[in-house]
Structure formats: C-alpha cells, structure tokens
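Student: Below: one structure in structure tokens.
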Amino acid sequence: MDRTIQPTIEKLPDIEILPVERSILPNGIPLTIVNSGEQSVVRIDFLFGGGYWTQSKKLQAYFTNAMLREGTAKYSAAEIAEKFDYYGSILDLSVFAQYSYITAYSLNKYFDKTTELLYSLITEPTFPENELNILVNTELQRFQINSTRVKFITMRQFRKALYGDEHPMGNTTNEEDYRLINIDLLHDYFDRHYNSGNCRIILSGKITDNILKQTEKVFGMKSFGKVQQKVTFPSFPIQTTSQKRIFIEKEDAQQSSIKMGMLSINLHHPDFLKFNVLITILGGYFGSRLMSNIREKKGYTYGIFSGFSHEPDSSPLIITSEASHEYVEPLIQEVYQEIDRLQNDLIGTDELCIVRNYMIGTICRTMETSFSVADVYQMQFINRLDDNFYEQTLDAIRTVTPEELRQLARRYLCKENLKEVISGKK
C-alpha cells in the first residue's frame with residue numbers, strides 16, 4: 001500500500017436495515033423486537049404516552065418519571081440502586097414531548113431479575129416525600145446554574161419566540177414551578193399515564209425464547225394500572241412573534257450565544273428529505289458552508305451548525321453558534337450571505353458528492369447495532385413515520401440535483417422569516 005496516494009472514494013453499497021418483528025402481548029401491549037448481536041445483552045424500552053404534552057403542571061411528567069427509581073412498595077431507593085448494580089443492569093429514565101421512557105440494559109442471564117425490578121417500578125412506586133424534596137432541590141440548583149448561561153437563556157427565548165407562551169415548547173419553566181411540585185401531582189400523573197393500555201415495549205439485543213417468555217410473563221399476561229387507555233394529545237396554538245430580533249443582555253458573559261431559525265416543513269412534507277440535504281450543506285457537518293466560511297476563513301467562532309428539531313407539530317430549523325460579542329453582527333451577516341449563495345448559485349458536483357457520502361455514512365452508523373436500530377424504529381414510531389422512511393431518505397440523498405437544491409433554497413430558506421435571538425454583551 002502506497003500511503004502517499006489518496007484512496008479513491010467508493011460508492012457506498014445498499015444499506016440493509018435489521019428487520020423488526022411486531023406482536024401484541026396477551027394484555028394488549030404492542031411489542032417490537034429487534035433481534036441481533038452475539039453478546040448476551042438485551043435492552044428493554046417502555047414508552048408511555050404523555051410526556052410534557054399532557055401534564056397539568058409544568059415539570060409534572062419529568063418528576064413523576066424520575067421518581068420511579070426512588071422507592072416502590074417492595075424496594076427502597078437504596079435497594080433498587082443496589083440490585084441494578086449487583087445484576088450489572090443500567091436504568092435510564094427520560095421524558096420528552098409526548099412520551100415518557102423507561103429503559104433498562106441487562107445481561108441475558110439476569111433478565112428475569114431485572115424485569116422483576118422494572119415491574120415494581122412501573123406498577124407500585126411510592127413517591128417518598130423525602131426523596132422528592134432531595135430531587136427537586138438538586139434539579140432546582142441545576143436550573144439556577146443553567147439560567148446564568150447564555151446558551152440556556154438563548155434557547156428558552158428562541159422557543160418562546162417561535163411558539164409563544166401557550167405552547168409546551170414556548171411555555172418555559174421558572175424557579176417557582178419547582179417549588180410547586182408535590183406528591184399529589186406525581187400520583188395524579190402516574191395514575192393517568194402508567195398503565196398497560198398506554199404502554200409500548202421494544203426489545204433489542206440478543207433476544208432468546210427465554211427473554212420473550214419472561215417479557216410476556218412479567219408484563220404481558222395481565223393488565224396493570226388504574227386506567228386502561230391511551231392518552232389523547234391536545235393541540236396547541238402556535239403564536240410566532242413578529243419581532244425579527246430578540247436580545248437578552250448579560251454583561252458578564254464571556255461569549256454571546258446566537259440562535260437563528262424559523263418553523264419549517266416537517267418530516268411528512270414531500271420536500272423535507274431533499275431539503276435536509278440542503279441544510280446539511282449549509283451547516284450540518286464539519287465541512288459545511290457555515291463552518292468553512294465563518295469558522296475557517298473568518299475565525300468568528302469555534303463552531304456553527306444548522307439542523308432541525310423535530311417536535312410533534314412542527315420541525316423548526318435552527319442555526320446555532322457562540323462568538324465574542326464583537327463578532328455577532330458580522331457572523332449573522334455571513335449566514336445570510338451563505339443563504340444567498342445557495343439561492344443563486346448551483347452546488348458543485350464534488351461538494352454534493354462529499355455531502356452524500358457523509359449523510360449515507362451517518363445513516364450506516366445508526367444501523368450498526370440492534371440497540372441503534374431500535375432507536376431508529378422508536379424514532380419512526382414517535383414521529384408517525386412508515387418503516388420505509390430510511391429507504392426514502394437514502395433515495396432522496398442519492399437523487400437530489402443541484403437545480404433542485406437551489407429551488408428548495410429559494411422556496412424554504414426565507415431570510416425574512418428567520419428569527420434572531422442573542423444573549424450576551426451589547
């Protein structure tokens with residue numbers, strides 16, 4: 001091998017996505033199975049419909065889910081932590097817009113022990129007041145620290161600018177919301193959401209017959225929870241501000257945080273997949289237009305990126321960066337200049353080839369393990385996408401033309417609609 005000669009770029013082969021099996025447990029819970037891997041490890045995900053989209057008080061969904069590990073009718077918080085550690089299992093609890101997640105990684109040989117613990121967490125949490133007070137105080141301190149950071153301030157104001165105060169994405173939390181959390185709120189949320197009628201299970205890893213039998217035995221034979229129905233998701237009015245720029249002064253900031261963006265077409269729009277290629281060219285990878293110009297040539301920032309945040313009712317386009325306050329204005333002007341270039345000039349063949357290979361390679365990395373494939377199917381489910389979404393994505397990446405990209409830039413990259421939110425020094 002002559003290492004002085006650059007290797008040729010080869011066309012990536014077709015990507016084979018691991019197949020998924022779907023079934024319904026005897027008690028009606030949908031079960032999704034991604035079976036692959038030689039290591040005797042399994043992951044089990046529980047998705048309960050709700051999230052902060054259906055909570056009656058801010059932070060209610062988060063603290064209900066976080067408190068599941070803090071004590072049950074059978075185990076104290078210390079016993080739960082000790083048992084998960086002893087069996088080599090990992091527990092992860094998280095809450096997003098419309099779903100609360102309980103995820104556990106387990107060795108196959110201890111899957112029965114892990115599932116017994118999980119069943120206790122899901123069906124009989126006690127929400128002990130002392131543990132709740134500790135958790136609330138810890139999260140409040142984290143919130144107070146984050147509230148001093150320009151990046152955190154800018155994101156809160158950016159969401160409010162796009163969605164308005166009446167929308168879950170724009171209705172931000174404050175310190176008082178933490179102090180209003182109590183045991184009754186957690187019990188109320190738990191009773192309405194954590195039941196077998198509002199649950200979905202995803203199994204991934206090395207799935208044996210014993211794993212399937214244990215899952216059905218523990219979670220699938222009888223109903224659990226006070227009610228047995230899926231939650232319904234309300235719709236919320238979106239009230240985007242008419243202001244072009246919002247500035248939040250923070251005199252002691254070392255850098256200014258900048259977010260530019262707007263509500264854009266979503267995953268279900270016929271133009272989205274090709275438009276996503278355009279946004280990747282603009283700022284979606286390290287060699288993008290924004291990085292090459294604003295970081296490499298101008299030296300205004302260490303990093304600038306563009307991409308989408310997919311929410312249940314929208315997909316806002318976000319351009320984000322941090323820079324010294326004297327570079328804020330020229331940085332923003334360079335962003336608009338790069339948008340002008342995309343709207344007026346055709347993208348070169350070499351650049352488009354690089355971006356295609358980057359995006360296809362990124363998809364390849366998401367398909368490396370059964371766990372990452374389970375994440376893919378989970379993403380498709382929560383965004384209500386078909387199983388052929390990634391095939392459509394690959395087709396869009398491979399077939400989009402420079403002429404189409406220019407038309408998409410002219411159609412959807414409207415500079416007048418981009419909101420500018422800045423936090424830092426004047």
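Student: Look through the stretch 289-308, keep the residues that are charged (D, E, K, R) and touching a Leu at 6+ places or on another chain (Cβ under 9 Å), and return whichever of them is nearest to residue 331 (Cα to Cα). Break it down stepwise before answering.
Tutor: Going residue by residue through the stretch 289-308, those that are charged (D, E, K, R) are 289, 295-298.
So of that shortlist, the ones also touching a Leu at 6+ places or on another chain (Cβ under 9 Å) come out as 289, 298.
Numbers: 289: 13, 298: 9 Å.
Checking each candidate, the answer is 298.
Student: Please state which of the following conditions residue 277 fails to meet, knowing it meets all the rest: (1) under 18 Å from the mean Cα position of the chain (by Cα); (2) farther than 24 Å from residue 235 by Cβ; (3) crowded, with 20+ Cβ neighbours inside 10 Å.
Tutor: Condition not satisfied by residue 277: (1).
Student: Hey, another quick one. Is one or more of the residues making up the stretch 322-340 acidic (Asp, Glu) and within 23 Å of the chain's Cα centre (by Cα)?
Tutor: Applying the first criterion (acidic (Asp, Glu)) to the stretch 322-340 yields 322, 326, 329, 334, 338, 340.
Checking the rest, the ones that are also within 23 Å of the chain's Cα centre (by Cα) come to 322.
Looking for residues that are acidic (Asp, Glu) and within 23 Å of the chain's Cα centre (by Cα), one finds at least one in the stretch 322-340, hence yes.
Student: Could you say whether any residue in the stretch 56-66 is farther than 29 Å from residue 187 by Cα, modelled with pLDDT of 95 or more and either out of contact with any Lys or Arg (no Cβ under 9 Å at 6 or more places or on another chain) or not in a loop (DSSP other than H, G, I, E, B) (or both)? Walk me through it before giving the result.
Tutor: Looking only at the stretch 56-66, we keep the residues that are farther than 29 Å from residue 187 by Cα, and these are none.
Scanning the stretch 56-66 turns up no residue that is farther than 29 Å from residue 187 by Cα, modelled with pLDDT of 95 or more and either out of contact with any Lys or Arg (no Cβ under 9 Å at 6 or more places or on another chain) or not in a loop (DSSP other than H, G, I, E, B) (or both).
Student: Only residues that are among the aliphatic types (A, V, I, L, M) and closer than 16 Å to residue 59 by Cβ: list them for the stretch 148-178, please. If you could, list the steps in order and put the result at the bottom.
Tutor: Let us first name the residues in the stretch 148-178 that are among the aliphatic types (A, V, I, L, M), namely 150, 153, 155, 161-162, 169.
The one that is among the aliphatic types (A, V, I, L, M) and closer than 16 Å to residue 59 by Cβ: 169.
Student: Let me ask you something else. Looking at the stretch 9-32 only, could you name the residues that are modelled with pLDDT under 95 and β-branched (Val, Ile, Thr)?
Tutor: The answer is 9, 15, 17, 20.
Student: What is the one condition in (1) surrounded by fewer than 19 Cβ atoms within 10 Å (Cβ to Cβ); (2) polar (S, T, N, Q); (3) over 13 Å from residue 69 (Cα atoms) that residue 123 does not satisfy?
Tutor: Condition (3) is where residue 123 drops out.
Student: Does residue 21 satisfy the criteria of being of a type in the set (Asp, Glu) and either without any contact (Cβ under 8 Å) to a residue 40 or more places away in the chain or buried (at least 17 other Cβ atoms within 10 Å of the Cβ) (or both)?
Tutor: Values: of a type in the set (Asp, Glu): yes; either without any contact (Cβ under 8 Å) to a residue 40 or more places away in the chain or buried (at least 17 other Cβ atoms within 10 Å of the Cβ) (or both): yes.
So residue 21 fits the description; yes.
Student: Further question on the same structure: Picking from 365, 398, 341, which residue would you name as being without any contact (Cβ under 8 Å) to a residue 24 or more places away in the chain and part of a helix (DSSP H, G or I)? Please lay out each step first, then the result.
Tutor: Working: 398 fails: without any contact (Cβ under 8 Å) to a residue 24 or more places away in the chain; 341 fails: without any contact (Cβ under 8 Å) to a residue 24 or more places away in the chain.
Selected residue: 365, the only one of 365, 398, 341 that is without any contact (Cβ under 8 Å) to a residue 24 or more places away in the chain and part of a helix (DSSP H, G or I).
Student: Could you check, for the stretch 72-86, whether at least one of its residues is at pLDDT 95 or above, among the aromatic types (Phe, Trp, Tyr), over 24 Å from residue 182 (Cβ atoms) and surrounded by fewer than 19 Cβ atoms within 10 Å (Cβ to Cβ)?
Tutor: yes
Student: Separate question: Restricting attention to the stretch 319-337, and to residues there that are crowded, with 21+ Cβ neighbours inside 10 Å and touching a helix residue (DSSP H, G or I) at 6+ places or on another chain (Cβ under 8 Å), which single residue is nearest to residue 383 (Cα to Cα)? Can you show your working first?
Tutor: Residues of the stretch 319-337 crowded, with 21+ Cβ neighbours inside 10 Å: 319, 321-323, 328, 331-332, 335.
With the extra rule that they be touching a helix residue (DSSP H, G or I) at 6+ places or on another chain (Cβ under 8 Å), the set shrinks to 319, 321-323, 331, 335.
Numbers: 319: 22, 321: 27, 322: 30, 323: 34, 331: 34, 335: 30 Å.
Looking at residues that are crowded, with 21+ Cβ neighbours inside 10 Å and touching a helix residue (DSSP H, G or I) at 6+ places or on another chain (Cβ under 8 Å), I get 319.
Student: If you don't mind, there's one more thing I want to ask. Among the residues of the stretch 52-73, how many are touching a Leu at 6+ places or on another chain (Cβ under 9 Å), without any contact (Cβ under 8 Å) to a residue 60 or more places away in the chain and over 19 Å from residue 138 (Cβ atoms)?
Tutor: Qualifying residue count for the region: 1.
Student: Can you name the condition, by its number, that residue 286 falls short on among (1) within 29 Å of residue 391 (Cβ to Cβ); (2) touching a residue at least 40 places away in the same chain (Cβ under 8 Å)?
Tutor: The number of the failed condition is (2).
Student: Another one. Go through the stretch 293-304 and report how many residues are assigned to a strand (DSSP E or B) and buried (at least 18 other Cβ atoms within 10 Å of the Cβ). Full working, then the answer.
Tutor: At the first step, the residues of the stretch 293-304 found to be assigned to a strand (DSSP E or B) are 301-304.
Still in the running and buried (at least 18 other Cβ atoms within 10 Å of the Cβ): 301, 304.
Qualifying residue count, the stretch 293-304: 2.
Student: Which one of the conditions (1) of a type in the set (Val, Ile, Thr); (2) assigned to a helix (DSSP H, G or I); (3) more than 18 Å from the chain's Cα centre (by Cα); (4) over 19 Å from residue 158 (Cβ atoms) does residue 347 fail to meet, given that it meets all the rest?
Tutor: Only one criterion is unmet by residue 347, namely (2).
Student: From (1) surrounded by 14 or more Cβ atoms within 10 Å (Cβ to Cβ); (2) in a helix (DSSP H, G or I), pick out the condition that doesn't hold for residue 106.
Tutor: Evaluating residue 106 over (1) surrounded by 14 or more Cβ atoms within 10 Å (Cβ to Cβ); (2) in a helix (DSSP H, G or I) leaves (2) as the failure.
Student: Return the residues of the stretch 184-228 that are touching a helix residue (DSSP H, G or I) at 6+ places or on another chain (Cβ under 6 Å), within 23 Å of residue 63 (Cβ to Cβ) and loosely packed, with under 15 Cβ neighbours inside 10 Å; say none if nothing qualifies.
Tutor: Of everything in the stretch 184-228, just one residue is touching a helix residue (DSSP H, G or I) at 6+ places or on another chain (Cβ under 6 Å), within 23 Å of residue 63 (Cβ to Cβ) and loosely packed, with under 15 Cβ neighbours inside 10 Å, namely 226.
Student: A further question on this structure: Anything in the stretch 112-125 that is closer than 30 Å to residue 384 by Cα and touching a helix residue (DSSP H, G or I) at 6+ places or on another chain (Cβ under 6 Å)? List them, or say none.
Tutor: 115, 119, 121
Student: Next question. Quick check on my filter: what residues within the stretch 364-384 are surrounded by fewer than 17 Cβ atoms within 10 Å (Cβ to Cβ) and more than 22 Å from residue 38 (Cα to Cα)?
Tutor: 379, 381, 383, 384
Student: Output the residues belonging to the stretch 305-317 that are over 14 Å from the mean Cα position of the chain (by Cα) and either modelled with pLDDT under 95 or surrounded by fewer than 20 Cβ atoms within 10 Å (Cβ to Cβ) (or both).
Tutor: 305, 313, listed by residue number.
The values are calculated or read from the model by the stated rules, or taken from the named source; none is laboratory data. If you're wondering where the values come from, they're calculated on a predicted model, not measured in any experiment. A quick note on method: Cβ atoms are made from the backbone with ideal geometry, for glycine too, and the neighbour counts reach across all protein chains shown.
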